[in-house]
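The structure appears right after this line, and notes come after that.
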Amino acid sequence: MGEVWQAAQAAGTVICNAAGFEPGCFKERVLLETSPFRLIEALAIAGYAADAREGIIFLPQQGGMPERIQSVIAEAQKEGFLGRNIQNSGFNFNIRVFAGTGGYICREESALRQLMQGGRAEPMPGNGEPPIIHTIEALFQAAEIVENGASPERDTRLFSVSGDVLYPGLYEAPYGSTLRELIFRFAGGMADGGRLKAALVGGPGGICAGAPDIDRRLESKDLPPGSGAITVLSQS
């Protein structure tokens, strides 16, 4: 996060990719629907830390979300939480929405940069540019640390669990939880009394874990969670 904020300081802008185009991953949509003001706060915190003056939220054009977030921004401006001299702090910061298409490829930073600069959403060869785009989850985590301090108990990840489970949904689980814990403790177990056949961990580009992998840990050194999308399949 520090590297991203240093790059944002040079650019004068902090960017949040809140589009959530990845199949099976719906955390962006849930967070936008339930906690839009938290996103505004988190982006302002990132802007303050990076000494930036502008925040941009990238959203999909469809679904009415750009209009909703724009209304939240307007309310924050009205209450003095965005704009010039925020809460008499001397800090000037504003946020705007960039609505676009581009699909799954926009999760790749260089493709999103191209789109926001008026081009096509195509990945570009690395040119040494540091990352400047935040995920919505990373911004929320940073805001939590600012508010409550860093702690091992707060080392968590968001998981979008779908498929053949009793309670599909978005769950916050400790980093390093096992696949078994996520399916049976958080998502209520297999639907209709089924037996686990496999789970696609980390979205389309992730790992297909079989039943023997159920006690593997969802962490980078064991079963990398990637985007946090978990699609569970039963044997029936």
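Scanning the chain for trypsin sites (Lys or Arg not before Pro) that sit in a DSSP loop and have at most 14 other Cβ atoms within 10 Å, the longest stretch containing none of them is 121-194.
Under 37 °C and 0.692 mPa s, how fast does region 178-236 diffuse according to Stokes-Einstein, given a Kirkwood radius computed over C-alpha pairs? Answer in µm²/s, whole number. After rounding, the answer is 290 µm²/s.
Loop-located chymotrypsin sites (Phe, Trp or Tyr not before Pro) across region 157-227 with a Cβ neighbour count of 14 or fewer within 10 Å are TYR175, with loop assigned by DSSP.
With an a/c value of 1.5 or above and a/b not larger than b/c for the gyration tensor axes a ≥ b ≥ c computed over the alpha-carbon atoms, region 118-234 is described as oblate.
For the pair region 144-211 / region 65-127, the C-alpha centres are spaced 29 Å from each other. In plain terms, the residue of SER160, SER177, SER89 with the fewest other Cβ atoms within 10 Å comes first and the most crowded comes last, giving SER89, SER177, SER160. Simple point charges give the picture: +1 on the Cβ of Lys and Arg, -1 on the Cβ of Asp and Glu, and for the chain a dipole about the Cα centre of about 260 debye.
Normalised Debye scattering of region 70-112 at q = 0.14, 0.29, 0.33 Å⁻¹ gives log10 I(q)/I(0) of -0.49, -0.93, -1.10, counting only Cα atoms as equal scatterers and leaving out solvent. Suppose we look only past 14 Å in the calculated P(r) of region 18-77. What percent of the Cα-Cα pairs does that tail hold? Taking all Cα-Cα pairs of region 18-77, the fraction more than 14 Å apart is 58 percent. Evaluated at q = 0.15, 0.16, 0.21 Å⁻¹, the base-10 log of the normalised Debye intensity for region 11-130, with identical point scatterers placed on the Cα atoms, takes the values -0.70, -0.79, -1.22.
Considering only ILE214, ILE57, ILE132, the mean-square fluctuation computed in a Gaussian network model of the chain, springs between alpha carbons under 10 angstrom, is largest for ILE214.
Normalised radius of gyration (Cα atoms, divided by 2.2 N^0.38 Å) for the chain: 1.08. Could you work out the local net charge near LYS27, counting Lys and Arg as +1, Asp and Glu as -1, over the other residues with Cβ closer than 14 Å to its Cβ? Charge balance near LYS27 sits at -1. Mean-square fluctuations from a GNM of the chain, with a 10 angstrom spring cutoff on Cα atoms, peak among MET124, MET190, MET65 at MET124.
Every number here is computed from the coordinates shown, using simple stated rules; none is lab data. Worth saying up front: this structure is predicted, and the values here are computed from it rather than measured. Cβ: placed from backbone, ideal geometry, glycine included. Neighbour counts: every protein chain shown.
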